[in-house]
1. For the charge dipole of region 155-278, defined by +1 on Lys and Arg C-beta atoms and -1 on Asp and Glu C-beta atoms about the Cα centroid, which residue among 169, 213, 203 has the Cα displaced farthest towards the positive pole?
2. Taking the chain as a Gaussian network, Cα atoms linked when under 10 Å apart, which of 222, 51, 59 shows the biggest mean-square fluctuation?
3. State the answer as a single residue: which of 74, 53, 16 lies farthest towards the positive end of the charge dipole of region 1-85, with beta carbon charges of +1 for Lys and Arg and -1 for Asp and Glu, about the Cα centre.
4. Taking amide hydrogens as modeled 1.01 Å from N in the peptide plane, which residues meet the under 5 Å criterion relative to residue 56, leaving out close sequence neighbours?
5. Roughly speaking, what % of Cα-Cα pairs in the chain are separated by over 28 Å, rounded to a whole number?
6. What is the helix-to-structure angle for 173-189, meaning the angle in degrees between its Cα long axis and the longest Cα principal axis of the chain, kept from 0 to 90 and rounded to the nearest 10?
7. When only Cα pairs under 8 Å and 6 or more residues apart are kept, what is the percent relative contact order across the chain?
8. If one takes the longest principal axis of the Cα atoms in the chain, at what angle in degrees, from 0 to 90 and to the nearest 10, does the Cα axis of helix 158-170 lie?
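Each value in this text was obtained by applying a stated rule to the coordinates, not by laboratory testing. Just so it is clear, the structure is predicted and the values come from calculations on it, not from any experiment. All Cβ positions, glycine included, derive from the backbone under ideal geometry; neighbour counts span all protein chains shown.
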Amino acid sequence: MDAMPLLRSISMFEGLSEEDLAALAETLRERRYPAGAVIFRQGDAGDAMYIVAAGDVNIHLPGEASRRISLKDIGRGEYFGELALFDDKPRSASALATTDAVLLELKRGTLESYLERRPRAALAFLRTMTEYLRRTNALLSARAAKNVDEEFDKTLTWSDRLADSVAELNGSWRFIGFLLLLTALWCAANSYLLLPAPPDPYPYQLFNLALGILVGLQGPLIMMSQNRQARKDRVRAETDFRVNLKNEVNIETLLRELGEFRAEMAARAGAQAAAGGR
């Protein structure tokens, strides 16, 4: 499999020259996983990153089927497990092949020997990892919860406010009452009983033209407001997802730490009981 197109599309390798990319592509090993196969588990020793050449992979925090927390779905051209290239820490999450997947594996030792032969490529890796860490820090330091209405109101233009006002007015009894009253007054004012030569006699063609123009303008304005409301609903749903995900991760962390604390206390209690028995 030609890995060059995949490597070109990955931000981590964007600073590498074509020669460096070609040399790096030769070091990649192809791995195939059937659907449902576990690529690695949280806590496993990590020494490689993976590039998805085909299929889909789900990154998640382990647990029972109903308690598993999905973090991200990875598709073709994306990568995961890259932190294992730079430290000896255990895997922070689990990876599962949700479909038949073809992965390109880059080992830590392979990368180290590659950088020894091509030291200039190390600077490109450092720049990319620095940007990656900055984005991660910005994401973690930012609050997940935010007032979507306030964020949208900050970006509204006068035309957006006009469209919202028209949509709000058209969906009220005030507009219906105003339109009925205007119609009655217009018909009465243009009747032959009041004026011998009314400017808009029956069948009130001028009034029908004005109503047609009004309806023609209302449609696009209402659609503009509805489209913006749909975008607002999508942002609100995404915000809710981030808040729920953050809460689930925090709760999972607390439960794990509580379990470790209980195990430690039980071990200390057993050790004290054994010492007291002697």
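1. 169
2. Ranking 222, 51, 59 by mean-square fluctuation puts 222 first.
3. Farthest along the dipole direction, towards plus: 74.
4. It is 98, 99, by chain and number.
5. Values: 24149 of 38503 pairs.
The proportion of pairs with Cα distances above 28 Å equals 63 percent.
6. So the helix axis and the longest Cα principal axis differ by about 20 degrees.
7. On the way: 308 pairs, mean separation 47.8, N = 278.
About 17 percent, as a whole number.
8. 60 degrees
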